[in-house]
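Student: Sending over a structure as structure tokens; questions will come in a sec.
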Amino acid sequence: MTLDADNSTVASRATGGRTLVDELLREQRQLTAVESFSRAHDRNELSAAPYRKLLPITQPASGEQFAFEVDLDQCSGCKSCVTACHSLNGLDDDETWRSVGRLASTDLRTPFHQFVTTACHHCVDPGCLNGCPVLAYDKDPITGIVRHLDDQCIGCQYCVMKCPYEVPQYSKTRGIVRKCDMCSSRLTVGEAPACVQACPNEAIRITVVEQDKVRGKYRGLPVLSEASGGEKEKRRKGEFSSVPFPLFPHANNFLPDSPNPAITLPTTRYISQRALPADLEAADAHEVRRAKAHPPLTIMLVLSQCGVGLALMSMLTGGTSRMLAVAALAVTALGVAAGTLHFGQPLKAWRSFLGWRKSWLSRELIAFGALLGALGFHAAVLHPLTAGLATLTGIVAVACSAMVYVDTRRPFWKVPMTFGKFFGTTLLLGSSGALAFGKPAGMPALPGIVFVALIVLGTVFKLAVENRIFRFLADEQDPHLTALNKTALLLNGPFGLLSRMRVAFASAGGVVLPALMLIFDVGLALPALALMLCLAGELIERHLFFVVEVAPKMPGGQGS
């Protein structure tokens, strides 16, 4: 007997008499989920029955709703759910209603990774519904599904900003936003949604949840402070050990490294029987990506705040300057007109008042409508009282503009930063514009000095507010980068040149030239140049306001 024969005999005895061929045949008989599905399809055994176990037996009762349930142990990251959703709903090439990301451990001694599939969470308190100015969202009173009404949408994209989970998707070809509706048309006839039916491992199912339990689970969560170390670093104080994820101090018991669930109360349940490490973070957690630019909004915000500032200066000078009154009206009207270009369906924008009960965007548009009326009345009457009315209306409009962004709960758009920038622009451009458009006849020299002082004050105030973000500047390799850290890195790196240009324009137009105005009598040339420099600086600042904003999001980084 040869050595090979001896080894074969020993191996055969060790496996109970089975040869290597026997083992390979046995392994082939253990079909994968995809192979099993394929064979069932060939035998015409596929019907609604195989998927009934993935759906609730009955409709939700009062106070309940449908929800996705994701078994993390079964998710392999194959993206079958993504493909099925895309195909069934006829989405654009760059449009996705379901995505797959990955969580990974940061401890190299205990490597761990977890795939995560995510779609609309059909929240109990949906941000998209609350923010929509035209009531284009509806939460079904029976199923709890949050549906988007395409024919109502004006394409303002505010719901995209309001949703912390990046669920609504803007379709450029249609000029509207669209989103997942849990395949409600299929659920109505007892069929599983596309993603549920397509998953080969049955990792996704539809369940029924009690809305009060969702509220109780998330309402008490603390709003984590970026200034005191960030969500990721604080989460490491807890341990995720079982399902559902336990609530430890400052821990996210919805899903690790995801937005704070207290904002919208998501209903999706992520479950796992494994002990999840405490240091899980998204695979793309260290990617520093610029946000989307909004040129129409940039122009609208700067010009409208300039118009309000001019109205303020008109009031301070007695409200008798027709030049200031007309300029305030014209600049504000131009800004509002530019803002309509942001809408995908601008002809439907007149319905934007419908959501005034909940939407700050509706309130902003109503306020600007009132402002245009007040400015027109003041330009016709030229009375101190009409100037005061226009100024008061303008202050309300600017405050509504600021709240549009504060209400998104994004770290870079918090109250001090947003209100400081918006009202700083109002003061700076209003005072510089008042000098550029010329002093009213008979105006003494003192008001001119006051305007110069206001320009310098507005510039210094604005730069001080903007500079606060650099307190969060950190090393790009820091393992605990927060959203504000990433914003500071963007301002210091990819947008460093633009940031320095913004400071240079502000310093020249808001400090140097106003100082020269006190020394030299150069007519309107110097004030006009100062206004142009200040305006250019404010446009750059408002552009950066959008593109460097980094919001917490669901885990990504899965790759193709």
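Student: Within segment 272-307, count every residue that is within 30 Å of Q477 (Cα to Cα), touching a residue at least 40 places away in the same chain (Cβ under 8 Å) and small (G, A, S).
Tutor: Total satisfying the criteria: 6.
Student: Here are some residues: A337, A379. Which one is free of Cβ contacts under 8 Å to residues at least 40 places away in the same chain, assigned to a helix (DSSP H, G or I) and of a type in the set (A, V, I, L, M)?
Tutor: One residue alone meets the criteria, A337.
Student: Could you tell me which numbered condition E166 fails, if it satisfies all but one of (1) within 19 Å of the chain's Cα centre (by Cα); (2) modelled with pLDDT of 95 or more?
Tutor: The failed condition is (2).
Student: Which of (1) free of Cβ contacts under 8 Å to residues at least 60 places away in the same chain; (2) aliphatic (A, V, I, L, M); (3) more than 19 Å from T264 (Cβ to Cβ) is the odd one out, the single condition V160 does not satisfy?
Tutor: Condition not satisfied by V160: (3).
Student: Another question, if that's okay. Would you point out the residue of segment 348-368, among those that are surrounded by fewer than 16 Cβ atoms within 10 Å (Cβ to Cβ) and not charged (D, E, K, R), that is nearest to Y137 (Cα to Cα)?
Tutor: L354
Student: Pairs only if they're at least six apart or on different chains, beta carbon under 7 angstrom, first in segment 426-444 and in the same structural domain as A399 (by TED's automatic domain parsing) and on the phi < 0 side of the Ramachandran plot, second part of a loop (DSSP other than H, G, I, E, B) and at pLDDT below 95; list them, first residue then second.
Tutor: Taking only residues 6 or more apart or on different chains, the pairs are A436/L524; P440/T317; P440/T320; P440/S321; M443/T317.
Student: Tally time: how many residues in segment 485-531 are touching a residue at least 24 places away in the same chain (Cβ under 8 Å), among the hydrophobic types (A, V, I, L, M, F, W, C) and under 22 Å from A474 (Cβ atoms)?
Tutor: Result for segment 485-531: 6.
Student: Something else: So which of G101, G77, G90, G127 ends up being farther than 20 Å from I206 by Cβ and touching a helix residue (DSSP H, G or I) at 6+ places or on another chain (Cβ under 7 Å)?
Tutor: Within the list G101, G77, G90, G127, the selection yields G127.
Student: With small (G, A, S) and closer than 24 Å to F343 by Cα as the only criterion, which of G127, G101 stands out?
Tutor: Going through G127, G101 in turn, just one is small (G, A, S) and closer than 24 Å to F343 by Cα: G127.
Student: Quick test of your reading of the structure: C195 fulfils all but one of (1) touching a Cys at 6+ places or on another chain (Cβ under 8 Å); (2) on the phi < 0 side of the Ramachandran plot; (3) surrounded by 20 or more Cβ atoms within 10 Å (Cβ to Cβ); (4) part of a loop (DSSP other than H, G, I, E, B). Name the failing condition by number.
Tutor: Among (1) touching a Cys at 6+ places or on another chain (Cβ under 8 Å); (2) on the phi < 0 side of the Ramachandran plot; (3) surrounded by 20 or more Cβ atoms within 10 Å (Cβ to Cβ); (4) part of a loop (DSSP other than H, G, I, E, B), the lone unmet condition for C195 is (4).
Student: So which pairs qualify, if the first residue must be in segment 195-213 and within 21 Å of T264 (Cα to Cα), the second must be acidic (D, E) and crowded, with 22+ Cβ neighbours inside 10 Å, the Cβ gap must be under 6 Å, and the two must be at least 6 apart or on different chains?
Tutor: none
Student: Condition check: in contact (Cβ under 8 Å) with a residue 60 or more places away in the chain, under 28 Å from L297 (Cα atoms) and of a type in the set (K, R). Does K79 satisfy that?
Tutor: Answer is no for this residue.
Student: A further question on this structure: Where residues in segment 199-222 are part of a helix (DSSP H, G or I) and surrounded by 15 or more Cβ atoms within 10 Å (Cβ to Cβ), which of them is modelled with the lowest pLDDT?
Tutor: Among them, the one singled out is Y218.
Student: Here is a list of conditions, (1) in contact with an Asp or Glu (Cβ under 8 Å, 6 or more places away or on another chain); (2) of a type in the set (K, R); (3) without any contact (Cβ under 8 Å) to a residue 12 or more places away in the chain, and R269 meets all of them except one; can you say which number that is?
Tutor: Failed condition: (3).
Student: Within segment 322-378, can you find the residues that are of a type in the set (A, V, I, L, M, F, W, C), closer than 18 Å to P133 by Cα, touching a Phe, Trp or Tyr at 6+ places or on another chain (Cβ under 9 Å) and modelled with pLDDT under 95?
Tutor: A349
Student: Considering (1) at pLDDT below 90; (2) more than 18 Å from L429 (Cα to Cα), say which one R468 fails and leave the rest.
Tutor: The one condition R468 does not meet is (1).
Student: A474 is checked against (1) part of a loop (DSSP other than H, G, I, E, B); (2) within 11 Å of V548 (Cβ to Cβ); (3) small (G, A, S) and fails just one. What number does that condition carry?
Tutor: Condition (2) is where A474 drops out.
Student: Across segment 471-484, what is the total count of residues that are within 22 Å of the chain's Cα centre (by Cα) and touching a residue at least 60 places away in the same chain (Cβ under 8 Å)?
Tutor: Qualifying residue count for the region: 6.
Student: Does D125 satisfy the condition of being out of contact with any Phe, Trp or Tyr (no Cβ under 7 Å at 6 or more places or on another chain), assigned by TED's automatic domain parsing to the domain that holds S272 and without any contact (Cβ under 8 Å) to a residue 60 or more places away in the chain?
Tutor: Taking the combined requirement at face value, the residue does not satisfy it.
The values are calculated or read from the model by the stated rules, or taken from the named source; none is laboratory data. These numbers come from a predicted model, not from an experiment. Cβ: placed from backbone, ideal geometry, glycine included. Neighbour counts: every protein chain shown.
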